[in-house]
1. With the cut-off at 1.5 for a/c, could you classify segment 192-238 from its C-alpha gyration tensor as rounded, prolate or oblate?
2. Taking amide hydrogens as modeled 1.01 Å from N in the peptide plane, which residues meet the under 5 Å criterion relative to A5, leaving out close sequence neighbours?
3. Over the Cα atoms of segment 66-135, how large are the radius of gyration and the largest Cα-Cα distance (Dmax), in Å?
4. With n ≥ 4 as the cut-off for DSSP H runs, can you work out [θ] at 222 nm for the chain, using -39500 (n - 2.57) per run divided by the number of residues, rounded to the nearest 500?
5. Compute the angle between helix 48-61 and the longest alpha-carbon principal axis of the chain, please, reported from 0 to 90 degrees and rounded to the nearest 10.
6. Averaging over every viewing direction, what projected area does the convex hull of the Cα atoms of segment 81-206 cover, in nm²?
7. Once both axes come from the Cα atoms, what is the angle between helix 69-83 and the longest principal axis of the chain, in degrees from 0 to 90, rounded to 10?
8. Once phi is turned into θ = phi - 60°, what whole-Hz ³J(HN,Hα) does the Karplus curve with 6.51, -1.76 and 1.60 give for every residue of segment 258-271, x standing for Gly and Pro?
Amino acid sequence: MTLLALAELAHGVLDPAAPVLHADDEGVLRGRAVFETLRVYGGTPFKLEAHLERFGASARRLRLPEPPYGEFATTALAAVRAGGQPDVTLRLLWTAGREGSGAPLGLALISTLPPDLEDLRSRGLTLAVVRWAPGALAGAKSTSYAENIFAQHEAAEAGADDALLVASDDTILEAPTSNVWFREGTRLLTPSLELPVLAGVTRATLCELAPELGYEAEEGAFPLERLLRSDEVFLTSSVREVAPVVAVNGRAVGGGSPGPASAALQLGLRAAAGYPASDE
């Protein structure tokens, strides 16, 4: 992905190459920062208000000052306009600021979308199971993301596209940057938010869309083996949207090809965003 535009709460739109983070920023030194990533469709950030609400919840978990929501929304829209492209990724960042300063730093970054999203959706993702012991900040969008990245690297070393994080008792949790779903007939099952998983904005959107598309969304604690025996598996996130899964640990799931629910939900998500079904 390529950075197209950068804006700071205090100074507005900046040159994307401008230095904005000091070496002693606590987000850099100690990971005391939170972020949100969302997709922009046709120049409009999708579910911006919901993302800002989660942004604030993450900040409270890290004992950061409350983000100024109105300023972030204004700055985000200015960054979108400065990016000059209608379909991009928007990332919001809120750090504790320079060590001991008590002055937080807020940024909005606009980047191009990953180039392979539609190809991955067409062929389906492969996952590798990674045993996971969530920390105290599970469910918060903290920039302390090293463990998540490590899980993705571990999956890549196993020849998979991404990791499926599973608790020690084989309860499925999530992927490093996505929520996990599987289908049994017309039931769409996803780990409960009572588990240490992220409350995905796309996840919530699909829970609302499911009944309109003939499916029933159900949350709970589900064992890995149940997912492996299911009719279909897919991941959801703001940037990936709905991404079908075709294999877990080299074992085909859902017949080894993208399933009908992920296709229907992708269409429904794009319709909710007021956007065409495909990037192509």
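The values are calculated or read from the model by the stated rules, or taken from the named source; none is laboratory data. If you're wondering where the values come from, they're calculated on a predicted model, not measured in any experiment. FYI the Cβ positions are ideal-geometry reconstructions off the backbone, even for glycines, and counts take in every protein chain you see. SASA here: full protein model, heavy atoms, side chains in, ligands and nucleic acids out. Shrake-Rupley method; radii C 1.70, N 1.55, O 1.52, S 1.80 Å.
1. Since a/c reaches 1.5 but b/c is at least a/b, the shape of segment 192-238 is classed as oblate.
2. I110
3. 17.5, 49
4. Rounded to the nearest 500, the figure is -8000 deg cm²/dmol.
5. 80
6. The number I arrive at for segment 81-206 is 11.0 nm².
7. Computed tilt is about 80 degrees.
8. Values, residue by residue: x, x, x, 5, 4, 5, 5, 5, 4, 4, x, 5, 5, 5 Hz.
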